[in-house]
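Everything on this sheet refers to the single structure shown next.
Readers should treat all values here as calculations from the given coordinates under stated rules, not as data from a laboratory. The model shown is predicted, which means the values in this text are computed figures rather than measured ones. Every residue, glycine as well, gets a Cβ built from its backbone with ideal geometry; the counts of neighbours run over all protein chains shown.
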Amino acid sequence: MRKIDLTNFQVATSETARDINRRIVLNLIRRHQPISRADLARHSGLQRSTVSVIAEQLIDQRWVTEGADGHTLRGRRPRFLHLNKERLGVIGINIRPATTTVALADLDANFVAQESIPTAPNPEQFIDDLVPRLRNLIKMRPEIACEGIGVSLPGRVDLASQRLVFAPNLGWGEFDLKTPLEQATGLPVELENAANSCALAEIWFGGHAEGVRNLIAVTVSEGIGCGLILNYQLVQGSSGMAGEFGHTTIVEDGLECRCGNRGCWEVYASNSAAVRYYSQSASSARNGRATPRSGAQGLTFDHLLRLTEQSDPKAIEAINQMARYMGMGIARLVTGLAPDVIVVIGEVTRVWNRVGIIISGTVESHSFTRANTRIVSRDPSSQPRLRGTIAVVLQKHFGAPIVA
């Protein structure tokens, strides 16, 4: 049960009921397409006349289109409905410290165009670099009407001001990305933390069973982020900062984190941590001091994964140590929140056959609840962060409206 907030509520009106019915019909079309009006009435329990009115509205708004005629033994042939994927689209922007990816996707998060640009060291230059790419993307596909722009950020966005306020791995200060992008494109812009975006992508496009109501997306890259879906609701907290488990202390008086804290989970379980483990193990004492061996300097996480796949023992141990710390943090999530599913997202899932076993074993030895949480990985080739930017926009149209 959700308590009614008497300081901030919205009473139900006849328009509220119409909006709810419209979203139910739209989601049923998305899930069962192609589908007839008669089948929509059966699935929804609405009167066929009501379904017909809603369907015509969705067609007029270009969300839905009619396809081929169906077959029936008698009476009028049904016209099948499906999402108008060829005419409506969403622009997604996935910002990471080194590279930003821009894409145009249809309503099923299938990308029809995308490109990458270097992420500028300051947000002002970033806007100058990005805006021409966005305008060109819109110009190249004039047949597609864009519903909005979704932006995935390696940081947190303040709910009230919609400004980026916390992004230690990006290195930017507080900044308003939303306003200049909206002014440059004329499209609504939705900003969201990368982990939250991935959690929304899992709910909308992840293929999980319908009964999965509680899900956590753990993104592992330069840092660690957590997106929390509890009872189908994205948990953001009072200011939008909920889910920063990557900056909770896992090693008391441990190494200093970029956020200013010590012993943060991401300092020990991120991509950067694994590279550090390898560099430390690959160093040898020369002239009384530690000197990195050839190959340790300038090592990237991608290179470390390739070494792991080639059975390099030091690379394997570095990945194993990273996985153990990942398991320690995930055990806290299982103990504290008991979700149905935890989805691990990041390049490390390339070696999931190794790290998945270690994570599961560590969770089992550190969490003693009866929570029946499944821990799974998401293939990085599916571009979960970028797909999440599409979900950020679509949830405004397909998600349940807030009343009371």
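Odds and ends about this structure:
- Loop-located GluC sites (Glu not before Pro) across segment 162-269 with a Cβ neighbour count of 10 or fewer within 10 Å are Glu210, Glu252, with loop assigned by DSSP.
- Model label points for Gln233 and Thr335, set 7 angstrom from Cα along the Cα-to-Cβ axis, are 2.6 nm apart.
- Fraction of beta bridges assigned by DSSP in the chain that are antiparallel (%, nearest 5): 60
- When you filter the trypsin sites (Lys or Arg not before Pro) in segment 75-109 for DSSP loop state and at most 12 other Cβ atoms inside 10 Å of their Cβ, you are left with Arg76.
- Under a 5 Å amide H cut-off, with hydrogens placed 1.01 Å from N, Cys146 pairs with Gly89 among residues at least 5 apart or on other chains.
- Modelled spin labels at His303 and Ser14, positioned 7 Å past Cα toward Cβ, are 6.9 nm from each other.
- Estimated from the Cβ-Cβ distance and a Förster radius of 45 angstrom, the FRET efficiency linking Ile402 and Arg354 is about 0.55.
- 17 Å cut-off, amide nitrogen to a point 7 angstrom out along Val376 Cα→Cβ, residues in segment 317-355: 339-346, 349-350, 352-353
- Positive-end residue, segment 297-404 charge dipole about Cα centroid, Cβ charges, pick of Thr335, Ala400, Gly298: Ala400
- Annotation: amide H-H contacts under 5 Å for Arg96 (H modelled 1.01 Å from N, sequence separation of 5 or more, or interchain): Thr101.
- Expected 222 nm ellipticity per residue - DSSP helices of 4 or more, -39500 (n - 2.57), all of the chain, to 500: -12500 deg cm²/dmol
- Centre separation in Å (Cα based) which lies between segment 23-38 and segment 138-167: 28
- The ellipsoid that matches the Cα gyration tensor of the chain has semi-axes, each √(5λ) in whole angstrom, of 42, 24, 21, with the longest given first.
- Subtracting the Cα-Cα distance of Thr249 and Ser311 from 0.36 nm times their residue separation leaves 19.1 nm of extension gain.
- Extension gain, Arg141-Arg213: 0.36 nm per intervening residue step, less the Cα-Cα distance, totals 22.3 nm.
- Contour minus Cα-Cα distance for Glu182 and Leu6 (0.36 nm per residue): 60.1 nm
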